[in-house]
Amino acid sequence: MSFDRTIKIAPSILSADFANFGAEIQAIEAQGADWVHIDVMDGHFVPNLTFGPPAVKAFRPHVKTVMDVHLMIAPVDPYIQAYADAGADVLTAHIEAGPHSHRTLQAIRAAGMKAGIALNPGTPAEAVEHLLDLTDLICVMTVNPGFGGQKFIDMTSKIRRLRQMIGDRPVHIEIDGGVDPNTAPLVAAAGADVLVAGSAVFKGGSVDQPGVYGDNIRAVRAAANSAL
Ligand SMILES: O=C(CO)[C@H](O)[C@H](O)COP(=O)(O)O
């Protein structure tokens, strides 16, 4: 996985047809998705339950791009190897999930994955300042995590601050929650390069009408690029 700061669209399969993940992943990739975003929720760190390592392993053969796994679980450390074995390319843990994020990021890299750290809307940019040399991606939540389809919370000043703190390090800033053609320009202008979008990509489409996914992905990408 090489680093660049061009806009990347990462559809969240939280908004896909849960009875048809393989075909949904193939459809979004064929329609221009750059990464595939997988939301792992434990019903404890967030009030919703989704996938575990066996499901992520089952998605792996369908993902030809980047499998971006976002852990909304606590604790994280006991499960890092399981997600490496499942084939995650990027594994992101929340800074709020435990007291030892420094150790967690080291363990994710040691297991052969890119290491991400996510911040809830209430967590300031400075919380990850000591982690910048250990992280490949900072995920800025623009909703309170747990569900798709929520209203965007403006975190543009946090994104700007993070980009300033990151300097010339090869660190992605990913935005997760409420990203659509209206909000994408705000976050792109502030310095984000990976845009997670669930509802905005999957709305109106299906594996039988995959062109809608393509239209939706192009609309988010064009809106983001128009701000650069
Ligand atoms: O992490 C998430 C929720 O915790 C989802 O990835 C996120 O909400 C994307 O969905 P949408 O684009 O519909 O807001």
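Please treat every number below as a calculation from the coordinates, not as lab data. Here the structure is a predicted model, which is why all the values come from computation and not from measurement. A quick note on method: Cβ atoms are made from the backbone with ideal geometry, for glycine too, and the neighbour counts reach across all protein chains shown.
Among the residues of the stretch 59-97, which ones are assigned to a strand (DSSP E or B) and more than 22 Å from P124 (Cα to Cα)?
Hits for the stretch 59-97 are V66, M67, D68, V69, V90.
Could you pull out the residue among G98, G52, G43, G87 that is surrounded by fewer than 19 Cβ atoms within 10 Å (Cβ to Cβ), small (G, A, S) and within 14 Å of the ligand (Cβ to nearest atom)?
G43
Looking at the structure I just gave you, is S226 small (G, A, S) and farther than 25 Å from A23 by Cα?
On the way: small (G, A, S): yes; farther than 25 Å from A23 by Cα: yes.
Here the answer is yes, as S226 does meet what is asked.
So in the stretch 1-20, with the set limited to residues that are touching a Lys or Arg at 6+ places or on another chain (Cβ under 9 Å) and not in a strand (DSSP E or B), which one is farthest from K203 (Cα to Cα)?
M1
Mind checking which pairs have a first residue in the stretch 62-74 that is in contact (Cβ under 8 Å) with a residue 40 or more places away in the chain and closer than 15 Å to V196 by Cβ and a second that is part of a loop (DSSP other than H, G, I, E, B) and more than 14 Å from the ligand (Cβ to nearest atom), Cβ under 9 Å, 6 or more apart or different chains?
Filtered contacts from the stretch 62-74: V66/M1; V66/D34; V66/D89; D68/A88; D68/D89.
Could you go through the stretch 21-32 and let me know if any residue there is of a type in the set (S, T, N, Q), over 29 Å from R169 (Cβ atoms), more than 14 Å from the ligand (Cβ to nearest atom) and part of a loop (DSSP other than H, G, I, E, B).
Yes, the conditions are met somewhere in the stretch 21-32.
Determine whether the stretch 111-123 contains at least one residue that is closer than 20 Å to D193 by Cβ and touching a residue at least 60 places away in the same chain (Cβ under 8 Å).
yes
Scan the stretch 36-58 and report the pairs whose first residue is assigned to a loop (DSSP other than H, G, I, E, B) and whose second residue is within 12 Å of the ligand (Cβ to nearest atom) and among the acidic types (D, E), with Cβ atoms within less than 8 Å and a gap of 6+ or a chain change.
Going by the 8 Å Cβ cut-off, the qualifying pairs are T50/D39; F51/D39.
Select the helices (runs of 4 or more DSSP H) contained entirely in the stretch 150-228, then report the ones holding at least 1 residues which are among the small types (G, A, S) and touching a residue at least 60 places away in the same chain (Cβ under 8 Å).
Hits in the stretch 150-228: 184-190, 199-202, 211-225.
Can you work out which of the residues in the stretch 149-179 that are within 10 Å of the ligand (Cβ to nearest atom) and surrounded by fewer than 21 Cβ atoms within 10 Å (Cβ to Cβ) is farthest from I108 (Cα to Cα)?
Filtering first and then ranking leaves K151.
Got a number for residues in the stretch 80-97 being more than 18 Å from M1 (Cα to Cα) and touching a helix residue (DSSP H, G or I) at 6+ places or on another chain (Cβ under 7 Å)?
4
Find the residue count for the stretch 108-148, including only residues that are surrounded by 19 or more Cβ atoms within 10 Å (Cβ to Cβ), over 20 Å from M41 (Cα atoms) and aliphatic (A, V, I, L, M).
Count: 2.
Which of the residues spanning the stretch 181-228 are under 15 Å from I25 (Cα atoms) and hydrophobic (A, V, I, L, M, F, W, C)?
Result: V196, A197, V201, F202, V207, V212, I217.
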